[in-house]
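Below is one structure, written out as structure tokens, with a few remarks after it.
Just so it is clear, none of the values below were taken in a lab; they were calculated from the coordinates. All values reported here derive from a predicted model rather than from experimental measurement.
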Amino acid sequence: MENFWLAFGLTLLAGLSTGIGGLISVVPRRSSGPFLSVSLGFSAGVMLYVSFMEIMPKALTSLTDAAGATAGPWAAGAAFFVGILVIGVIDRLVPAQINPHEPGLVHHPAAAVKRRRMMRTGTVTALAIGIHNFPEGFATFIAGLTDLQVALPVALAIALHNIPEGVAVAVPIREATGSRRKAVRWSFLSGLAEPAGALIGFALLMPLMNDFTLGTTFALVAGIMVFISLDELLPTAREYGKHHLAMYGLVAGMAVMAVSLLLFTTL
């Protein structure tokens with residue numbers, strides 16, 4: 001509980017980074033594709049490494065303590081894939097033509113805007129992003145409550161991931177209204193689902209928190225983050241630049257995460 005406000009602050013900052021995407025979208029000059037490609041690959045590397053090397057081992061330890069040496073690992077594996085299933089179902093429920101994670105909608109926003117009624121597209125895209133960001137906010141918040149050395153890179157990775165989402169919201173709003181302020185405002189608002197997810201998850205789970213609940217939550221979070229990395233971050237990174245740039249970012253993210261975890265554990 002002593003980490004509550006720190007965890008919530010990290011979640012809030014990660015969520016509101018959609019506003020950075022909104023700000024990028026209203027300046028005439030396009031942001032560098034190679035830079036975004038490397039950044040998104042880096043974010044995926046951080047999330048994959050921390051999921052498999054830090055979060056899943058913690059889930060396994062907690063569930064083994066709660067359920068035993070035989071049932072614990074089975075519970076951890078099951079919860080991991082349930083996390084993938086949950087975020088995958090959410091992703092499938094959002095229609096492809098308004099889903100900001102579908103190929104083409106970030107890289108060619110102007111063409112996407114022309115294919116749809118712009119204001120409706122912007123508002124529904126904001127709603128779609130809110131649905132996606134809800135479990136991400138919970139993941140960031142739980143990491144902040146339990147382990148700061150995990151929470152900081154997770155929050156950074158989620159924040160980088162949210163920037164293109166802000167672009168996907170702001171471009172159609174700007175085209176529909178002609179107002180840069182409204183475009184940026186909508187992009188910021190779409191990120192508020194992350195702190196909302198944190199608070200609702202906290203209210204529901206904290207009265208039930210024990211080794212089993214904590215371990216299950218960690219495994220769910222790991223599954224969600226792996227799905228986001230493989231289904232959203234890497235495809236978008238490759239869309240912005242070349243395949244190798246995304247992979248260089250991925251490896252760099254893993255390396256930085258590895259070094260930071262080692263520094264925290266050895267100092």
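Along each principal axis, taking the top coordinate minus the bottom one, the Cα set of region 161-212 gives 51, 18, 11 Å in descending order.
Could you calculate the contour length gain from T177 to A255, that is, 0.36 nm times the residue separation minus the distance between their Cα atoms, to one decimal place in nm?
Details: separation 78, 0.36 × 78 = 28.08 nm, distance 4.35 nm.
Using 0.36 nm per residue and subtracting the Cα-Cα distance, I get 23.7 nm.
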